[in-house]
Amino acid sequence: MRLNDDLTRPVIVHAADQAWVPSPAAGVDRRMLFRVGGEIARATSIVRYAPGSAFPRHTHSGGEEILVLDGTFQDEHGDYPAGSYFRNPPGTSHIPASKDGCVIFVRLWQYRQGDQTQVVRQPGQGQPVDPRPGAVSAKVLFNDGHEDVRIEAWSVGKQVTVANPRGLEFLVVSGALTGNGESMGSLGWGRLPAGTDLQAEVGPAGATVWLKSAALLHPDVIAIAMPV
């Protein structure tokens, strides 16, 4: 499968309007935003766990990055309620599940070679930084010089500009905005090539936005190892 794989073009996906696609694990469904590959794929998705569902233990050979959007995501290491953010670097493994159900935002196989930084942020955690004009607050969830990942709260009716010198990916976690002329509600996802800034007008309920400033595909991204 190749979905939204042209990284030279801006793309916006209204994930809330997409149908859920079943995964191989019972009770776990996906809305695909970006994907290159089959069941093992370089991918960005919204994933829904029904109450009581789980994936079998698996190793993340290419790493994974997760933001919990609703409910509580769980594995044998702990519970991660909505607002939690974590990175499981290549080689880590777990048994993901949700007793009461949850929705998560997931990025797979998008780590650089040698990136072994593991991060767990519970809701509200992160490094506070000065908010950009039009924002109420901003917290850095992860920054290693190659990637800058933030969660920001944007003010009602404000104009917000996010400069984009190297590549930008963003997700509307809650609220609504108009981004580069297109209306986006909750679960609206966008990806902009370097040099295309995000020009947003925030809606009447404000907006919480997850942002990643980084190369859209690292030059030294880990190659997908297909099973023999």
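The values are calculated or read from the model by the stated rules, or taken from the named source; none is laboratory data. For clarity, every value in this text was computed on a predicted model and none was experimentally measured. Here Cβ is always computed from backbone atoms with ideal geometry, including for glycine, and neighbour counts include all displayed protein chains. Just so you know, the surface numbers come from the protein's heavy atoms only, side chains and all, with ligands and any DNA or RNA stripped out. Shrake-Rupley method; radii C 1.70, N 1.55, O 1.52, S 1.80 Å.
Structure notes:
- Inverse of mean 1/r across different Cα pairs in the stretch 127-207, Kirkwood, Å: 12.8 Å
- Carbon and sulfur %, accessible surface of the stretch 164-228 computed with the full protein complex present, 1.4 Å: 59 percent
- Close amide-amide hydrogen proximity is noted between residue 5 and no other residue 5 or more places distant or on a separate chain, at a cut-off under 5 Å (H modeled in the peptide plane; Pro and chain starts excluded).
- For the peptides 21-27, 150-156, residues were scored by their other Cβ atoms within 10 Å and the scores averaged per peptide; the highest-first order is 150-156, 21-27.
- Spatially proximal lysines relative to residue 212 (Cα-Cα < 24 Å; intrachain offsets below 8 disregarded): 139, 158
- Cα coordinate range in the stretch 172-228, projected on the principal axes (Å, largest first): 52, 26, 15
- Counting only protein heavy atoms and a 1.4 Å probe, the chain has 44 square angstrom of accessible area per residue.
- Since only 56, 77, 118 are under comparison, the one whose Cα sits farthest along the positive direction of the charge dipole of the chain, derived from C-beta charges on Lys, Arg, Asp and Glu, is 56.
- Sulfur and carbon atoms: percent of accessible area, the stretch 1-100 [1.4 Å]: 53 percent
- Charge dipole of the stretch 120-186 about the Cα centre (unit charges at C-beta), most positive-ward option of 181, 154, 165: 154
- Scalar couplings 3J(HN,Hα) for the stretch 171-177, obtained by applying the Karplus form with A = 6.51, B = -1.76, C = 1.60 to θ = phi - 60°, are 9, 7, 6, 7, x, 7, 7 Hz; x denotes Gly and Pro.
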